[in-house]
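The values are calculated or read from the model by the stated rules, or taken from the named source; none is laboratory data. Note that the structure is a prediction, hence the values are computed from the model and not measured. Heads up, the Cβs are rebuilt from the backbone with ideal geometry, glycines too, and the neighbour counts pull from every protein chain shown. The area values use the complete protein model at the heavy-atom level, side chains included, leaving out ligands, DNA and RNA. Shrake-Rupley method; radii C 1.70, N 1.55, O 1.52, S 1.80 Å.
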Amino acid sequence: MSEYKLTYFDGRGRAELTRLIFVAANVQFEDEIFPFAEWPGKYRAETPLGQVPYLTLNGEKIPQSIAYSRMLAKRFNIAGGDEIEQMRLQNTHYLREFDETSQDHDALMKKFTREEVPMHLERIEKIVNLYGNEGFSVGNSMKWSDLHVYDIASSMLKFDANILDKFSKIKAICRTVESNE
Ligand SMILES: N[C@@H](CCC(=O)N[C@@H](CS)C(=O)NCC(=O)O)C(=O)O
């Protein structure tokens, strides 16, 4: 049995960064995936905070994906070197919540893809300009911030296939991650 188990719905969502960290570090983990239909009746009651994903490590269930992803990245040596580099990596780790419950879903979706996503991508592009190098968000080796940028940026392509066109640094990071075996 693997030391690590990650539990989430059948989708990328907030679990994908952690999956990418395990895969990039070549560390075995159990990817426990359950159908959404089983969430209310079965899985919710088993979670620490009534939410997924969570990580089970040595029998302890740990909530909050960024907290345990950071711990894993440190453990697998892709969390940056000194405090300054770790802080720079941290700059790329923010996610915008998307309110799926809004009444006017179409208008919200338009605002999200035409205004909010480009604004956030632009900020990430600037951060990479400041701290990174060609194909890397910080420094010049792959770190968990690259996996996060890749996860977020590539999932935005489903809303608009051209959404990354203006962001050459982000596209270079996506290529780095995609070319990693
Ligand atoms: N900050 C938490 C957020 C977790 C979260 O929002 N999980 C959602 C799915 S992505 C969830 O469990 N929703 C089901 C519910 O609240 O009933 C994390 O990153 O782990």
- line: Screening MET87, MET71 for residues that are open to solvent by 70 Å² or more (accessible area, probe 1.4 Å), closer than 30 Å to THR56 by Cα and out of contact with any helix residue (DSSP H, G or I) (no Cβ under 9 Å at 6 or more places or on another chain) leaves only MET87
message: Please return the ranges of strands (runs of 3 or more DSSP E) entirely within region 1-96 where 3 or more residues are under 20 Å from the mean Cα position of the chain (by Cα).
response: 4-9, 30-34, 54-57
field: Subset of region 26-45 that is free of Cβ contacts under 8 Å to residues at least 12 places away in the same chain and away from the ligand (no atom under 11 Å from the Cβ) - its residue that is nearest to ASN77 (Cα to Cα)
entry: ASN26
- request: Among the residues of region 157-171, count how many are crowded, with 19+ Cβ neighbours inside 10 Å and assigned to a helix (DSSP H, G or I).
  value: 2
task: Would you check if there is a residue in region 20-27 being over 28 Å from SER141 (Cα atoms) and either open to solvent by less than 80 Å² (accessible area, probe 1.4 Å) or of a type in the set (Lys, Arg) (or both)?
output: no
- request: Given the conditions (1) over 26 Å from PHE159 (Cβ atoms); (2) within 15 Å of the ligand (Cβ to nearest atom), report the number of the one that THR18 does not fulfil.
  value: (1)
message: Cβ contacts < 7 Å: first residue among the basic types (Lys, Arg), restricted to region 161-178; second residue surrounded by fewer than 16 Cβ atoms within 10 Å (Cβ to Cβ) and in a helix (DSSP H, G or I), any location; separation 6+ or different chain. Result?
response: LYS169/ASN129
